[in-house]
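So the structure is just underneath, and the comments pick up after that.
The values are calculated or read from the model by the stated rules, or taken from the named source; none is laboratory data. All of these numbers come straight from a predicted model, not from anything done at the bench. Reconstructed Cβ throughout: ideal geometry from the backbone, glycine too, with neighbour counts over all protein chains shown. When the accessible area is computed, the model is the full protein with side chains, heavy atoms only, and any ligands, DNA or RNA have been set aside. Shrake-Rupley method; radii C 1.70, N 1.55, O 1.52, S 1.80 Å.
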Amino acid sequence: MSRRQDCTGHLSEEFKKGVMEFVDFVERNPTVIDSLGRILCPCTKCKNRIRDEIFWVEKHLCDRGFMEGYINWTAHGEERWVEQDATNVTQEHEEEITNPYVDMVIDAAGDNLNVMEGLEEDPNPSASKFYKLLRSADEPLWDGCTKHTILSAVTQLVNLKSEFNMSESCYNRMVAIIKSMLPESEKLPEDFYRSKTMIQELGLGYEKIDACPNHCMLYYKETSDKTSYVACTMCGHPRFKPKAGDTVNSSRDVPYSILRYFPITPRLQRLFMSKITAQYMKWHVDGVRHDESVITHPADADAWKQFDATHEVFAQEPRNVRLGLCTDGFNLFSGSKTPYSCWPVFVTPYNLPPSMCMRREYIFLSLLIPGPKSPGKRLDVYLRPLIDELKVLWDNGVTTYDAWEKKNFNMKAALLWTISDFPAYGMLSGWSTHGRLSCPICMKNTKSFRLQHGAKPCWFDCHRQYLPVGHAFRRDRYSFKKSIVEKSFPPKRMSGVEILNELDKLDEANFGANSRGKNGGFGTIHNWVRKSIFWELPYWSTNLIRHNLDIMHIEKNIFDNIFNTVMEVKGKSKDNANAREDLKLICKRPNLELVFENGKYKKPKATYVLDSQQRRIVCEWIKQLKFPNGYASNISRCVNLADGKI
């Protein structure tokens, strides 16, 4: 009853079988079934207070599980246990429950870490240290203590400090009072420094790297020395904030900007330290596909297969990790008048099955790029520590202990691609996503043009060239650009090696205040702003796909534009006077062209625009629309039925 999900997050076969046995048991006791065929539902939400049909009760149990403590099914016809039997079952149930603080320690691994048993080979020093720390996580707070371990006490106290914004001195004073109340055998760390050190040793730490607030440089490696580098070498901005007081040593140095870097190597190693997840790290090779013709995992796609064919030595070890990188900006303080753009960078291992690799515990935060302004084209400055780590993981690898095979091996890793929206695409790739040459596929061979009245780049009718030869749309002179028959073929897509050769001709990017202007030919024959830092990876030019678009953002923007146009939202509709003027020049739509009457231009109503009654019907439908809990916000609050607006 307590093991509803298996290690992959799916409903376990054991639990399904148990629910079927529960249903069979209830059906053998007709006294608990009412005249309508309903029984009490013991799920975590209904809690034996609501009756429902057996089918729905079974579904509730599979979706939510049994209510806590309902081991003796007295509400469903089972006799009440005697006290001794209940005690035995409760003890057995308690033994199955894992220590939540141990689970927290190995959260990066996703599942409970198995203690070493019957090792064929000694773990490497890093793995041995981790296992030793896990064993000590169950050590009681004092001799004979049954409710708290050292780890549980420290994590609760540190969390309390963070939640209530305690000062370090307040925390230390509180711990001193608590220690005076405990028995003499207590083992609680005596101050915040030792408590934090204990958590850091468990692998939950990160690196702080000072940065220039203008995104010029990181004080990293050879420039990290605080005495030699006190100002940005590019723009001259001071590294540290002015100190309070008269003396130089009145307070510690506080940098203007800090990059927080979470190394990915120990997290990838943790995936192999669990027997449960270690066996799934080869799923991309051993996993069962029900339909070979359907791409159910990135390993089924051409990009993955070409990478394996190009780098055969890397592909020979199925435990080598394939990674994807994702980033986007968001405002930490949405209610504030002052915007603050923070950019987290996430890394995801694709070795795991689809049901696991997209779960939260396997999406690793690797960089937290500070604001308040977006880094823009200077994003590469902050990616430096991650790229350096990826180069080490590719060239040398790292010795890792595999708990499933009980052996050490040399783990390597490769970044297959990035995922982002279109603006972030330009920041990651180095190809500007603004202007006439925005398309990173067509590049200089684009057929885009500038609207004469709208004064914006337009890609209308640029896609017929991708249709098969002989397609009816290619000969259509009316539905697209007027009097145009498409005879051209799609532009040749440049390979990674060809792009790299072109990038090598560009000037080296300088991100300081005195940075040089755009490279020659920008906006006419190319749209390269810089050579992206990803090209430093030895295998990047061989990747079939280097950057992917997150279509969620694109779909939302397109929907907003279409919806605002159809609903004729004032100030947001794309059907304006300039659009009608450009339409007259480009297309054959005489019924949509502006009409000059009585000294004024009038815009004929388009068939795709709704009238007030139709808009009100749409709003009424949205008003009563309901989504599953957690799927969407309460959009009905945004609907104005009287005006037919959203």
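Does Met273 satisfy the criteria of being in the same structural domain as Ala315 (by the TED database), at pLDDT below 90, of a type in the set (A, V, I, L, M) and surrounded by 17 or more Cβ atoms within 10 Å (Cβ to Cβ)?
On the way: in the same structural domain as Ala315 (by the TED database): yes; at pLDDT below 90: yes; of a type in the set (A, V, I, L, M): yes; surrounded by 17 or more Cβ atoms within 10 Å (Cβ to Cβ): yes.
Yes: the conditions hold for Met273.
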Quiz item: Of these, Thr327, Thr348, which one is more than 30 Å from Met234 (Cα to Cα), under 18 Å from the mean Cα position of the chain (by Cα), β-branched (Val, Ile, Thr) and assigned by the TED database to the domain that holds Leu416?
Solution: Thr348
Practice problem: For residues that are touching a Lys or Arg at 6+ places or on another chain (Cβ under 8 Å) and on the phi < 0 side of the Ramachandran plot, scanning just segment 55-65, find the one that is most open to solvent (accessible area, probe 1.4 Å). | Solution: Arg64
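Suppose the filter is in contact with an Asp or Glu (Cβ under 7 Å, 6 or more places away or on another chain), open to solvent by 60 Å² or more (accessible area, probe 1.4 Å), at pLDDT 85 or above and not aliphatic (A, V, I, L, M); does Arg38 pass it?
Values: in contact with an Asp or Glu (Cβ under 7 Å, 6 or more places away or on another chain): yes; open to solvent by 60 Å² or more (accessible area, probe 1.4 Å): yes; at pLDDT 85 or above: yes; not aliphatic (A, V, I, L, M): yes.
Yes: the conditions hold for Arg38.
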Quiz item: Can you find even one residue in segment 420-434 that is of a type in the set (Val, Ile, Thr), open to solvent by 10 Å² or more (accessible area, probe 1.4 Å) and in a strand (DSSP E or B)?
Solution: no
Quiz item: Is there a residue in segment 214-227 that is on the phi > 0 side of the Ramachandran plot and touching a Leu at 6+ places or on another chain (Cβ under 9 Å)?
Solution: yes
Quiz item: Between a first residue in segment 539-554 that is more than 19 Å from Ala413 (Cα to Cα) and a second residue that is buried (at least 17 other Cβ atoms within 10 Å of the Cβ) and hydroxyl-bearing (Ser, Thr, Tyr), which pairs have beta carbons less than 8 Å apart while being 6 or more apart in sequence or on different chains?
Solution: Asn548/Thr418; Asn548/Ser420; Leu549/Ser420; Leu549/Tyr425; Asp550/Ser420
Quiz prompt | Tally of residues being open to solvent by 60 Å² or more (accessible area, probe 1.4 Å) and part of a loop (DSSP other than H, G, I, E, B) across segment 469-489 | solution = 9
Practice problem: Report, by residue number, each residue of segment 612-635 that is surrounded by 11 or more Cβ atoms within 10 Å (Cβ to Cβ), of a type outside the set (Val, Ile, Thr) and over 25 Å from Asp63 (Cβ atoms). | Solution: Gln614, Arg615, Arg616, Cys619, Glu620, Lys623
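Give segment 448-468 a look and list any residue that's in a loop (DSSP other than H, G, I, E, B), of a type in the set (A, V, I, L, M, F, W, C) and surrounded by 13 or more Cβ atoms within 10 Å (Cβ to Cβ), or say none. Show your work before the answer.
Residues of segment 448-468 that are in a loop (DSSP other than H, G, I, E, B), as a first pass: 448, 451-456, 459-463, 467-468.
Imposing the further condition that a residue be of a type in the set (A, V, I, L, M, F, W, C) reduces the set to 451, 455, 459-460, 462, 467.
If the condition is that a residue be in a loop (DSSP other than H, G, I, E, B), of a type in the set (A, V, I, L, M, F, W, C) and surrounded by 13 or more Cβ atoms within 10 Å (Cβ to Cβ), then Leu451, Trp459, Phe460, Cys462, Leu467 are the ones that fit.
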Quiz item: Say we look at segment 148-166 and pick out the residues that are hydroxyl-bearing (Ser, Thr, Tyr) and buried (at least 19 other Cβ atoms within 10 Å of the Cβ); which of these is farthest from Ala137 (Cα to Cα)?
Solution: Thr155
Quiz item: Restricted to segment 144-158, and to residues that are touching a residue at least 24 places away in the same chain (Cβ under 8 Å) and β-branched (Val, Ile, Thr), which residue is farthest from Ser195 (Cα to Cα)?
Solution: Thr149
Self-check item: Residue count, segment 340-395 (criterion: within 19 Å of His10 (Cα to Cα), among the hydroxyl-bearing types (Ser, Thr, Tyr) and open to solvent by less than 10 Å² (accessible area, probe 1.4 Å))
Solution: 1
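Of all residues in segment 533-566 being among the aliphatic types (A, V, I, L, M) and outside any loop (DSSP other than H, G, I, E, B), which is nearest to Thr327 (Cα to Cα)?
The residue in question is Leu549.
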Quiz item: Within the set of pairs 6 or more residues apart or between chains, which connect a residue that is of a type in the set (A, V, I, L, M, F, W, C) inside segment 488-503 to a residue that is outside any helix (DSSP H, G or I) with Cβ atoms less than 9 Å apart?
Solution: Phe489/Val469; Ile499/Arg546; Leu500/Lys531; Leu503/Gly430; Leu503/Trp528; Leu503/Arg530; Leu503/Lys531; Leu503/Ser532
